[in-house]
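The block underneath contains the structure these notes are about, expressed in structure tokens.
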Amino acid sequence: MNTGLPLLSVIIPVYNAEEYLNRCVESVRNQTYSNLEIILIDDGSSDKSGEICDKYAAEDKRIRVIHKQNGGQSSARNMGLDIASGELIGFVDSDDYIQSNMYEFLFYLMNKYHADISCCNYERLDKSGHIRFCSDDLDEELVLSGKESLRMLLSQQKIIYAPWNKLYKRNDFWDKNRFIDMIYEDQEITARCLANAKSVIYSGKPLYYYWRNEKSTTMQEFSAKQFDAVNARKLMIPIYQKHCPELVDEVKISYITTGIFILHKSSKNKKFKNERKKLCKDMDSFLKENRGLPFTKNQKMKIRLYKMSLPIFDLGVKIFNLTDRNNSDTI
């Protein structure tokens with residue numbers, strides 16, 4: 001049926017999400033925005049997620065299912081982008097869910113402000129209940145240029161790295177660009193996407209519900225994949241150099257402080273010895289090329305400690321209580 005609305009492709013990567021998948025898919029199926037294509041990418045699940053996806057596809061002709069070998073969230077999202085037919089693109093994670101009017105409202109804002117990207121607030125859910133993030137001003141509406149949205153992205157105020165609380169116009173960007181194969185993959189592509197946007201609209205209404213899944217990649221015991229957090233920050237530097245040069249020092253500092261944070265997090269396991277040495281070498285080279293960055297006293301102390309040696313750094317962090325890190329949740 002032709003509704004007059006542009007087709008919206010909602011891409012949902014699915015991996016071992018049987019506990020939450022029904023809640024997620026039902027919230028997307030029941031959207032008040034009626035012209036939907038729902039793409040479920042079963043990323044090699046070993047539980048019943050694949051069967052659940054197939055059941056939904058049999059019930060709802062708007063749902064397409066792709067079963068693939070496990071390749072991670074980036075590859076699943078990319079496959080969804082490869083087959084998406086919509087003029088609009090949205091992403092939902094399989095352990096999250098959305099308000100029934102989220103996409104209708106984001107589309108309304110997109111049209112009202114002639115925006116390329118429409119964003120909403122979100123609520124974080126965990127065992128203790130609802131924890132609101134972003135702004136508490138529910139009626140707030142901000143119209144931003146791509147450059148202004150990059151400023152807010154860096155501070156994680158209202159505009160966040162995640163792709164899932166956003167509605168995107170399908171344009172040359174999504175036709176030509178894909179997620180990088182790494183965890184924390186959303187940081188770099190979100191920055192590039194915002195940089196290429198003529199306008200971005202943000203609403204304070206919390207329409208997306210983010211479930212803090214303790215079994216997710218970033219919440220599990222520290223692994224070698226966590227070193228991707230440092231690479232993700234480094235990949236953002238050239239984006240800011242080109243589009244927001246006045247903030248490039250902040251991005252460079254973020255790269256170093258994220259590296260120090262990962263050095264600390266990996267200190268308890270000797271199997272990361274090679275990764276830690278490589279990271280230190282990369283950071284040393286970077287600091288030589290970027291002298292004079294305005295680090296805080298606390299940051300300078302951490303840098304001195306890791307330059308002495310990793311054992312001294314590990315001990316010094318404990319002695320001087322330097323483990324605090326603002327926004328550590330976002331890496």
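Tabulated results
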read-out	value
Qualifying positions in segment 2-44 - among the small types (Gly, Ala, Ser) and touching a strand residue (DSSP E or B) at 6+ places or on another chain (Cβ under 6 Å)	Ser9, Ser27
Matching entry among Lys307, Lys242, Lys302, Lys278 (being surrounded by 15 or more Cβ atoms within 10 Å (Cβ to Cβ) and outside the structural domain of Glu188 (by TED's automatic domain parsing))	Lys302
Enumeration of residues in segment 114-132 that are outside any strand (DSSP E or B) and in contact with a helix residue (DSSP H, G or I) (Cβ under 9 Å, 6 or more places away or on another chain)	Ala115, Asp116
Single unsatisfied condition, Glu185 versus (1) at positive phi; (2) touching a Lys or Arg at 6+ places or on another chain (Cβ under 9 Å)	(1)
Pairs, first assigned to a helix (DSSP H, G or I) in segment 81-96, second buried (at least 23 other Cβ atoms within 10 Å of the Cβ), C-beta under 7 Å, six or more apart	Leu81/Ile11; Ile83/Ile39
Search result, residues across segment 82-106 that are surrounded by fewer than 21 Cβ atoms within 10 Å (Cβ to Cβ) and closer than 16 Å to Ser9 by Cβ	Asp82, Ile83, Ser85, Gly86, Glu87, Glu104
Those helices (runs of 4 or more DSSP H) lying entirely in segment 148-256 with at least 2 residues under 13 Å from the mean Cα position of the chain (by Cα) and among the aliphatic types (A, V, I, L, M)	185-195, 228-243
Matching residues in segment 286-306 - criterion: being free of Cβ contacts under 8 Å to residues at least 24 places away in the same chain, assigned to a helix (DSSP H, G or I) and of a type in the set (D, E, K, R)	Lys288, Glu289, Lys297, Lys300, Arg304
Test: residue in segment 86-94 that is modelled with pLDDT of 95 or more, over 21 Å from Ala17 (Cβ atoms), acidic (Asp, Glu) and out of contact with any helix residue (DSSP H, G or I) (no Cβ under 6 Å at 6 or more places or on another chain)	yes
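The values are calculated or read from the model by the stated rules, or taken from the named source; none is laboratory data. Remember, it's a predicted structure, so these values are computed and weren't measured experimentally. Note that each Cβ is placed from the backbone with ideal geometry, even for glycine, and that neighbours are counted across all protein chains shown.
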